[in-house]
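What follows is a set of notes on a single structure, which appears directly below.
The values are calculated or read from the model by the stated rules, or taken from the named source; none is laboratory data. What you are looking at is a predicted structure, and each value in this text was computed from that prediction instead of being measured. Every residue, glycine among them, receives a Cβ derived from its backbone with ideal geometry; neighbour counts consider all protein chains shown. Accessible surface areas use protein heavy atoms only, side chains included; no ligands, DNA or RNA. Shrake-Rupley method; radii C 1.70, N 1.55, O 1.52, S 1.80 Å.
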Amino acid sequence: MDFNDSASEAAFRAEATAFLDEHAPEEFGSYTSGDDQELVFQQHKAWQKTLAAHGWGAITWPEVYGGSGKGPIEQIIWNGELNKRGVGHSMLAVGIGMVGPTLIAHGTPEQQERYLGPLLKADETWCQLFSEPGAGSDLAGLATKAVRDGDDWIVSGQKTWCSGAQHNHFGILIARTDPSVPKHKGITYFLLDMNSPGIEVRPLIEMTGDSHFNEVFLNEVRVPDRARLGPLNGGWGVTQTTLMNERMAMGGLSNLLRFDELLALVVRESDGKPGETMRAELAEVYSQLRCLELLNARVVSKLGRGVIPTAESSVMKLALARMMTQANALAMRALGPKALLRQGYWQNEYLFAPAFHIAGGTSEVQKNVCAERVLGLPREATGDRDTPFDQLARS
Ligand SMILES: Cc1cc2nc3c(=O)[nH]c(=O)nc-3n(C[C@H](O)[C@H](O)[C@H](O)COP(=O)(O)OP(=O)(O)OC[C@H]3O[C@@H](n4cnc5c(N)ncnc54)[C@H](O)[C@@H]3O)c2cc1C
């Protein structure tokens with residue numbers, strides 16, 4: 001891979017830079033750093049509206065759907081330029097990065113017409129209702145059920161860890177529509193209006209004190225069949241499109257680490273003379289960050305060729321979680337007792353860091369993937385792939 005811009009990439013970067021220099025907002029809070037979440041959400045919404053109004057709303061969506069029709073390399077360039085200005089990592093990423101591509105791949109023309117425009121312009125925003133108390137790593141074990149009633153489905157169950165569900169208009173939801181077949185085969189994918197009667201959203205308070213995610217209770221919620229995305233009982237395939245795009249989004253998260261600020265903090269707190277251990281640790285974190293950027297480029301370019309980069313994504317996810325933990329612990333050591341005495345950006349980041357070991361697939365599950373795909377070890381024995389869901393032992 002050549003890391004220098006080609007002529008067309010340089011032209012794209014220049015265009016992006018000119019746009020961002022003129023339009024990037026000065027106020028753009030972060031969803032991990034303890035800022036007021038409702039305010040941050042409104043800032044991110046306003047920014048997406050500006051991007052969409054100027055044709056920068058979705059870099060890789062085809063032009064026919066309002067995107068820029070660009071490839072993964074342009075997406076990397078764009079993300080890099082956004083992050084330089086601190087305006088990347090939007091709370092609307094589920095919609096633009098995951099729901100949009102899934103609708104484009106699996107939606108009917110009517111669904112694409114109905115949902116994509118408002119999504120792109122942030123007139124309607126989206127959350128993800130996949131995980132359940134008993135189904136996270138083993139997502140296909142989900143128990144929320146949808147039962148047909150005329151032209152509608154009646155959905156009942158509980159979802160959890162739903163980021164931003166308290167802010168959003170729609171949710172992508174997977175539910176069991178046939179329990180008599182093996183677990184991967186009886187799932188259907190729906191587009192859920194979050195204002196439907198029977199939905200209760202309860203924010204969960206994290207140890208940071210913020211509420212990023214929520215429990216969502218579904219009590220006989222009526223969903224029209226026209227809001228079913230993809231084939232009946234074929235939801236697992238549709239889900240894979242969403243998860244593939246989630247992996248792509250996770251890769252870019254290494255930019256969440258503000259390395260220059262970490263460096264400045266360590267230098268400041270040690271009166272300009274960081275000790276040997278701190279210097280070595282800083283160098284280690286910096287090396288990890290650079291490796292992650294290169295791995296991310298590899299993952300995105302593979303995805304751009306339509307290849308699912310399972311092993312690379314898992315290595316990247318593991319390395320990202322380790323780097324975030326190490327970097328934020330280093331910040332705490334640099335702050336010393338002050339880390340305990342008051343709230344602040346790094347204190348908050350430190351408390352949020354364990355989430356990187358869980359969100360988007362836990363570190364243990366990523367290690368399993370590496371064991372199978374990189375080391376060639378036998379697949380983990382689960383023994384439940386061919387058993388009808390309603391015959392599985394469940395707690
Ligand atoms: C910040 C954050 C945001 C999130 N946002 C969303 C969202 O918007 N929508 C959504 O649907 N979900 C969301 N999630 C949920 C996330 O996808 C799940 O937490 C994740 O998939 C793990 O599932 P779980 O929490 O049920 O843990 P479990 O699957 O119950 O795992 C519990 C423990 O067992 C280990 N384990 C499980 N299976 C294995 C195995 N086969 N081998 C070895 N160890 C194993 C795990 O590593 C973990 O340590 C979010 C999570 C976080 C942290």
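Looking for whichever is open to solvent by 90 Å² or more (accessible area, probe 1.4 Å), of a type in the set (A, V, I, L, M) and away from the ligand (no atom under 15 Å from the Cβ) here; the options are Ala331, Ala393, Ala327, Ala297. Which one fits? Reasoning before the result, please.
Numbers: Ala331 fails: open to solvent by 90 Å² or more (accessible area, probe 1.4 Å); Ala327 fails: open to solvent by 90 Å² or more (accessible area, probe 1.4 Å); Ala297 fails: open to solvent by 90 Å² or more (accessible area, probe 1.4 Å).
Among Ala331, Ala393, Ala327, Ala297, only Ala393 is open to solvent by 90 Å² or more (accessible area, probe 1.4 Å), of a type in the set (A, V, I, L, M) and away from the ligand (no atom under 15 Å from the Cβ).
Would you be able to tell me the number of residues in region 100-129 that are closer than 18 Å to Asn195 by Cα and open to solvent by less than 20 Å² (accessible area, probe 1.4 Å)? Talk me through it step by step, then tell me what you get.
Narrowing region 100-129 to residues closer than 18 Å to Asn195 by Cα: 114-115, 118-119, 122-129.
Subsequent filtering for residues that are open to solvent by less than 20 Å² (accessible area, probe 1.4 Å) retains 119, 122, 125-127, 129.
Residues meeting the conditions: 6.
Scan region 60-97 for residues that are open to solvent by less than 40 Å² (accessible area, probe 1.4 Å), farther than 14 Å from Leu119 by Cα and not acidic (Asp, Glu) and jot them down.
Ser68, Gly71, Pro72, Ile77, Trp78, Gly80, Leu82, Asn83, Val87, Gly88
Could you tell me whether any residue of region 228-247 is under 21 Å from the mean Cα position of the chain (by Cα), part of a strand (DSSP E or B) and in contact (Cβ under 8 Å) with a residue 12 or more places away in the chain?
The answer is yes; a qualifying residue exists.
For region 175-224, name all the residues that are open to solvent by less than 30 Å² (accessible area, probe 1.4 Å) and either without any contact (Cβ under 8 Å) to a residue 40 or more places away in the chain or hydrophobic (A, V, I, L, M, F, W, C) (or both).
Ala175, Ile187, Phe190, Leu191, Leu192, Met194, Ser196, Val216, Leu218, Val221, Val223 - these are the residues of region 175-224 that are open to solvent by less than 30 Å² (accessible area, probe 1.4 Å) and either without any contact (Cβ under 8 Å) to a residue 40 or more places away in the chain or hydrophobic (A, V, I, L, M, F, W, C) (or both).
Could you list, in sequence order, the residues of region 134-170 that are within 9 Å of the ligand (Cβ to nearest atom), over 15 Å from Trp236 (Cβ atoms) and not in a loop (DSSP other than H, G, I, E, B)?
Result: Lys159, Thr160, Trp161, Cys162, Ser163.
Among the residues of region 371-389, what is the count of those that are in a helix (DSSP H, G or I) and touching a residue at least 40 places away in the same chain (Cβ under 8 Å)?
Quick first cut of region 371-389, residues in a helix (DSSP H, G or I) only: 371-373, 389.
Then drop every residue that is not touching a residue at least 40 places away in the same chain (Cβ under 8 Å), which leaves 373, 389.
Adding up the residues that qualify gives 2.
Any chance region 24-40 includes a residue that's at pLDDT 95 or above and among the β-branched types (Val, Ile, Thr)?
Checked region 24-40: no residue is at pLDDT 95 or above and among the β-branched types (Val, Ile, Thr).
Between a residue in region 131-145 that is without any contact (Cβ under 8 Å) to a residue 12 or more places away in the chain and any residue that is near the ligand (Cβ under 10 Å from one of its atoms) and open to solvent by less than 10 Å² (accessible area, probe 1.4 Å), which pairs come within a Cβ distance under 9 Å, given they are 6 or more apart or on different chains?
Partner pairs satisfying both residue conditions: Ala135/Gly141; Ala135/Leu142.
Looking for something touching a Leu at 6+ places or on another chain (Cβ under 9 Å), in contact (Cβ under 8 Å) with a residue 40 or more places away in the chain and within 11 Å of the ligand (Cβ to nearest atom) - is there at least one such residue anywhere in region 101-122?
Within region 101-122, not a single residue is touching a Leu at 6+ places or on another chain (Cβ under 9 Å), in contact (Cβ under 8 Å) with a residue 40 or more places away in the chain and within 11 Å of the ligand (Cβ to nearest atom).
Taking the stated definitions as given, is Ala264 open to solvent by less than 70 Å² (accessible area, probe 1.4 Å), over 24 Å from Thr160 (Cβ atoms) and out of contact with any strand residue (DSSP E or B) (no Cβ under 9 Å at 6 or more places or on another chain)?
Details: open to solvent by less than 70 Å² (accessible area, probe 1.4 Å): yes; over 24 Å from Thr160 (Cβ atoms): yes; out of contact with any strand residue (DSSP E or B) (no Cβ under 9 Å at 6 or more places or on another chain): yes.
So Ala264 fits the description; yes.
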